[in-house]
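Please read the structure below before turning to the comments.
The values are calculated or read from the model by the stated rules, or taken from the named source; none is laboratory data. The shown structure was predicted, so the numbers you read here are calculated from the model rather than taken from an experiment. Virtual Cβ from ideal backbone geometry, glycine too; neighbours counted across all protein chains shown.
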Amino acid sequence: MKPSPEIHPWLIVALDRQGKLDEANRAIEEFYRAYPEDAYAMLFRSLQLMRMRGDETALAQAGELIRMATRALAVEPDDQRWGFQESVRAAHLAMTGKTDEARALIQQVRQRYPDIQFAERVAHAIGE
């Protein structure tokens with residue numbers, strides 16, 4: 001399937017939920033390569049970089065992509081896209097040792113958007 005900004009994020013989520021992580025990673029790479037300026041491509045790529053545990057360079061790159069995606073999306077908390085964006089940011093905060101900030105942020109996301117499953121996964125991972 002050719003990458004598409006409208007469809008590829010859903011494909012990545014579906015593959016991830018099915019446990020097809022290799023396929024999800026390939027889809028992320030294709031999406032980011034085709035649309036490096038797309039905010040969702042940046043957020044998914046940042047998640048992929050965060051999975052490279054112990055790689056400080058990858059973690060720093062993930063942080064930069066999250067900042068760029070946040071500027072590109074420019075959404076407010078009343079927009080559900082904010083919930084996904086901030087869940088990714090919370091995961092990054094936790095991975096960079098800012099666990100209290102991550103917990104506070106993921107709590108805000110969960111209060112506002114209890115149906116975002118990724119927020120639940122982040123909350124579980126950080127012991128929230």
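Can you find even one residue in segment 62-82 that is aromatic (Phe, Trp, Tyr), outside the structural domain of Arg121 (by TED's automatic domain parsing) and in a helix (DSSP H, G or I)?
No.
Could you list, in sequence order, all residues of segment 5-34 that are farther than 19 Å from Leu65 by Cα and either assigned by TED's automatic domain parsing to the domain that holds Arg121 or not in a helix (DSSP H, G or I) (or both)?
Passing the criteria: Glu6, Ile7, Gln18, Gly19, Lys20.
May I ask you to list the residues in segment 20-57 that are of a type in the set (A, V, I, L, M) and either in contact with a His (Cβ under 9 Å, 6 or more places away or on another chain) or closer than 15 Å to Ala94 by Cα (or both)?
Correct list: Ala27, Ile28, Ala34, Ala41, Leu47, Leu49, Met50, Met52.
Pick from segment 1-43 the residues that are hydroxyl-bearing (Ser, Thr, Tyr) and in contact (Cβ under 8 Å) with a residue 12 or more places away in the chain: which of them is nearest to Ala119 (Cα to Cα)?
Looking at the filtered set, the residue picked out is Tyr40.
How about segment 65-108: which of its residues are farther than 17 Å from Met42 by Cβ, free of Cβ contacts under 8 Å to residues at least 12 places away in the same chain and either crowded, with 22+ Cβ neighbours inside 10 Å or aliphatic (A, V, I, L, M) (or both)?
Within segment 65-108, just Ala104 meets the criteria.
Return a yes/no flag: does segment 62-70 have any residue that is over 22 Å from Asp16 (Cα atoms) and among the acidic types (Asp, Glu).
yes
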